[in-house]
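Engineer: Have a look at this one.
The values are calculated or read from the model by the stated rules, or taken from the named source; none is laboratory data. No experiment lies behind these values; they were computed from the predicted model shown. Don't worry about glycine lacking a Cβ; one is built from the backbone with ideal geometry, like all the others, and counts go over all protein chains shown.
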């Protein structure tokens, strides 16, 4: 077999579909060589590095303080908020509720991001109200058709 023939055979897909060069793949829980090397370099010095970062943070280094706080206290997601919202039972109530949310954003009582979440919930409620109304109307129409 010539070198040209070998190249033609391997061109495109060298492995059958669904099979890689290593069918078993990387063992579960194994770590990359880079992480293993970094751990080996830092072994025994982690406490010293942490102390140095804390000392810098206490000395007013904002970057060191942020690095520590990001690790110890990650940003909160999904914090609870309290705000006023009128009861929404029918589609006609939604414009008033949206106006209240907009007013609270304008007054600084809730953030625009929080308002976006609330508006999304109101939109879901609108869809539920409309779906319920449509189902009731269809049932009434079918009832009338059945009587005829």
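Engineer: Name the residues in segment 64-83 that are without any contact (Cβ under 8 Å) to a residue 24 or more places away in the chain, in contact with a helix residue (DSSP H, G or I) (Cβ under 9 Å, 6 or more places away or on another chain) and surrounded by 10 or more Cβ atoms within 10 Å (Cβ to Cβ), would you?
Structural biologist: Residues satisfying the conditions are 64, 65, 66, 67, 68, 69.
Listed here are the residues, each with its yes/no results for (1) on the phi > 0 side of the Ramachandran plot; (2) at pLDDT 85 or above; (3) under 29 Å from the mean Cα position of the chain (by Cα); (4) not assigned by TED's automatic domain parsing to the domain that holds residue 136.
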{"position": "50", "(1), (2), (3), (4)": "no, no, no, yes"}
{"position": "55", "(1), (2), (3), (4)": "no, yes, no, yes"}
{"position": "58", "(1), (2), (3), (4)": "no, yes, no, yes"}
{"position": "77", "(1), (2), (3), (4)": "no, no, yes, yes"}
{"position": "83", "(1), (2), (3), (4)": "no, no, yes, yes"}
{"position": "108", "(1), (2), (3), (4)": "yes, yes, yes, no"}
{"position": "112", "(1), (2), (3), (4)": "no, yes, yes, no"}
{"position": "117", "(1), (2), (3), (4)": "no, yes, yes, no"}
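Engineer: Select from segment 119-148 the residues that are within 28 Å of the chain's Cα centre (by Cα) and in contact (Cβ under 8 Å) with a residue 24 or more places away in the chain and list them in ascending order.
Structural biologist: Of everything in segment 119-148, those that are within 28 Å of the chain's Cα centre (by Cα) and in contact (Cβ under 8 Å) with a residue 24 or more places away in the chain turn out to be 122, 125, 126, 129.
Engineer: For residue 95, only one of the following conditions fails: (1) surrounded by 12 or more Cβ atoms within 10 Å (Cβ to Cβ); (2) more than 24 Å from residue 79 (Cα to Cα). What is its number?
Structural biologist: The number of the failed condition is (1).
Engineer: Go through segment 84-114 and give me each residue that's free of Cβ contacts under 8 Å to residues at least 12 places away in the same chain and in a helix (DSSP H, G or I).
Structural biologist: Hits for segment 84-114 are 92, 93, 95, 96, 99, 103, 105, 106, 112, 113.
Engineer: Would you be able to tell me the number of residues in segment 40-80 that are under 30 Å from residue 110 (Cα atoms) and in a loop (DSSP other than H, G, I, E, B)?
Structural biologist: Here the count works out to 8.
Engineer: Same structure again: Which of the residues spanning segment 98-115 are under 19 Å from residue 78 (Cβ atoms) and exposed (fewer than 13 other Cβ atoms within 10 Å of the Cβ)?
Structural biologist: Matches in segment 98-115: 111, 112, 113.
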